[in-house]
Amino acid sequence: MAHIPSAGTVVMNGIRRAAQCQLGQARLLHTSPMPRALLGKMRQALVDARPATRTAKTPQPTNISDTKPTTSAAAAVVADRQPARAPSSQRSTRQKVPEGLIVEDHQPAGPEVWMPKVFGTIEQPTDAEVAKFVIIGAANSGKSTLVNRLTGAQVSVVSERPQTTRTRIMAAATVGSKQLVFLDTPGIVSRNALRRVSRTVVTSPWLTLAEADFAILMLDAYKLTQKSDAVERYLFAQLAKNSSIPAILVVNKIDLVVDQEKLAEKIKEYMAKYPHIVDGPLFLSALGNTNVDELKTLMLTKTKPGNWAVPADVSNDMSDMLRVEELIRVQWFTQLTGYLPYVVRQRNVGWEEASVPLPPMTVYTDATGEDGSTAVLQSHVQTRSAKELIIKQELIVTSAGEAKILLGKSGAKIKDIGRDAANNIAKALGIPTRLHLQVLVEPDSR
């Protein structure tokens, strides 16, 4: 009579065969960042499948990363490999770093890095005037691009993906004795999308209305004529119901419009939806810098006597930490696709200004003899150092699959993100920057 294996034996054999398959793949893909994580999970599955008494384990964050980093003066992207799992009784909360990989310990950023800029007493003329404008519109309508044009500085990060701006950002432009303050906000989302975005993104535009003297209502001309305008209809309906702030109607991306008659009908429709529009419509292209100066001239006529919000030579009050996070985030928004850019979170774990030694420099000087005729060449070695900002940032995702995409093949994607972000941070803060990025997996417990 043939032997019939038990159900437990069938399960064990299936798991062992799957483990052998994964081991073979791991040998073929030894340069990938994922096989160790998969192998560790498979080994744990074998242990869990054995008929032994087991205790529940608290899920630990998984540290996923790429191979050895490349280091330059502008950026150093650090990510370490998944360590072998130790018994729970011996496992520490600190991950083991592979031999040969240098990871410096730093303290997280202090309160002074997180706080918005405080300017104290602001020097301003006796006839100072000011006006505050909140820029409100649908996601990806060009609000941040317009703010950057109006200020002449890279204040708000910009990408082709919607919802790049995640919180309210203040910027300013000073012309003579007049100062224009711009409040850039996240894009308005429709009622159907409220559950898919964070509370801050949803509420920030509406709360910012209370801070402003005027609203810049921005419509996307291309979207009005080529796509659905459900978000715009929702925006104007909420404005008419809950606000009476005077507004300037701005129609952006005018260079992309083909059907001008349809656009004219849409603009007429929206002008009737909100009775507090005091100027407009003004047609412009923020990206092409068309008619932006005309809008700025109109805004300067709206100022009233009052104290400036920032000094004349300052374009924003963003904290250094917020600026850094924005510049890192725009890189993964630019280089990743699908839903992943919207679920990656950041956590700062290191911020330090360090003195970095530079190669010594030999200085040569001429010395003239007492009779004035003999020149003696003298030299001495001069030691040098330079200030450098070292930032360590964790990028957190909820699954190993998301981590693999964020890392890219052999860690190429995370290195590109770190290198480009570090270069932009150095320009924004005016100090050479070394940026360490580490990808972590923390399952979503919500």
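The values are calculated or read from the model by the stated rules, or taken from the named source; none is laboratory data. Keep in mind that what you see is a predicted model, and the values were worked out from it rather than measured. Cβ placement follows ideal geometry from the backbone for every residue including glycine, while neighbour counts extend to all protein chains displayed. Quick note on the areas: whole protein, heavy atoms, side chains included, nothing else; ligands and nucleic acids left out. Shrake-Rupley method; radii C 1.70, N 1.55, O 1.52, S 1.80 Å.
If you go through segment 114-135 and pick out every residue that is among the aliphatic types (A, V, I, L, M) and touching a Gly at 6+ places or on another chain (Cβ under 9 Å), you end up with 3. Applying the criterion of being of a type in the set (Gly, Ala, Ser) and more than 25 Å from Val118 (Cα to Cα) to the residues of segment 284-329, the residue that is most open to solvent (accessible area, probe 1.4 Å) is Gly288. The single condition among (1) under 18 Å from Phe182 (Cβ atoms); (2) among the β-branched types (Val, Ile, Thr); (3) modelled with pLDDT under 90 that Thr203 does not meet is (1). For the residues Val78, Val147, the requirement of being modelled with pLDDT of 50 or more and buried (at least 21 other Cβ atoms within 10 Å of the Cβ) singles out Val147.
Is it fair to say Arg345 is open to solvent by 70 Å² or more (accessible area, probe 1.4 Å), among the basic types (Lys, Arg) and at pLDDT below 85? Considered against the rule, which asks whether it is open to solvent by 70 Å² or more (accessible area, probe 1.4 Å), among the basic types (Lys, Arg) and at pLDDT below 85, Arg345 comes out as no. Residues of segment 130-139 that are open to solvent by less than 60 Å² (accessible area, probe 1.4 Å), touching a helix residue (DSSP H, G or I) at 6+ places or on another chain (Cβ under 9 Å) and not in a loop (DSSP other than H, G, I, E, B): Ala131, Phe133, Val134, Ile135, Ile136, Gly137, Ala138. Residue pairs whose Cβ atoms lie under 9 Å apart, sitting 6 or more positions apart in sequence or on different chains, and linking a residue in segment 431-444 that is touching a residue at least 40 places away in the same chain (Cβ under 8 Å) to a partner that is part of a strand (DSSP E or B) and small (Gly, Ala, Ser), are Pro432/Ala386; Arg434/Ala76; Arg434/Ala354; Leu435/Ala76; His436/Ala76; His436/Gly350. Scanning segment 284-294 for residues being more than 12 Å from Leu150 (Cβ to Cβ) and touching a residue at least 40 places away in the same chain (Cβ under 8 Å) gives a total of 1.
This table checks each residue for (1) under 21 Å from the mean Cα position of the chain (by Cα); (2) modelled with pLDDT of 80 or more; (3) closer than 27 Å to Gln107 by Cα.
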site: Thr365; (1), (2), (3): no, no, no
site: Thr368; (1), (2), (3): no, no, no
site: Lys387; (1), (2), (3): no, yes, yes
site: Gly430; (1), (2), (3): yes, yes, yes
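Scanning segment 259-279 for residues that are out of contact with any helix residue (DSSP H, G or I) (no Cβ under 7 Å at 6 or more places or on another chain) and farther than 18 Å from Gly142 by Cβ yields a total of 11. Of everything in segment 219-235 that's assigned to a helix (DSSP H, G or I) and small (Gly, Ala, Ser), which residue is modelled with the lowest pLDDT? Here the answer is Ala230.
So in segment 263-283, with the set limited to residues that are among the small types (Gly, Ala, Ser) and free of Cβ contacts under 8 Å to residues at least 12 places away in the same chain, which one is surrounded by the fewest Cβ atoms within 10 Å (Cβ to Cβ)? Going through the qualifying residues, I end up with Ala272. When Asn424 is tested against the conditions (1) of a type outside the set (Gly, Ala, Ser); (2) open to solvent by less than 20 Å² (accessible area, probe 1.4 Å); (3) touching a helix residue (DSSP H, G or I) at 6+ places or on another chain (Cβ under 9 Å), the lone failure is (2). Pairing residues of segment 171-192 that are modelled with pLDDT under 80 and open to solvent by 10 Å² or more (accessible area, probe 1.4 Å) with residues that are assigned to a loop (DSSP other than H, G, I, E, B) and not β-branched (Val, Ile, Thr), at Cβ distances under 8 Å and at least 6 apart in sequence or on separate chains, gives Val189/Ala139; Val189/Gln163.
In this structure, is Ala247 of a type in the set (Gly, Ala, Ser), free of Cβ contacts under 8 Å to residues at least 40 places away in the same chain and surrounded by fewer than 19 Cβ atoms within 10 Å (Cβ to Cβ)? Spelling it out, it is not the case that Ala247 is of a type in the set (Gly, Ala, Ser), free of Cβ contacts under 8 Å to residues at least 40 places away in the same chain and surrounded by fewer than 19 Cβ atoms within 10 Å (Cβ to Cβ).
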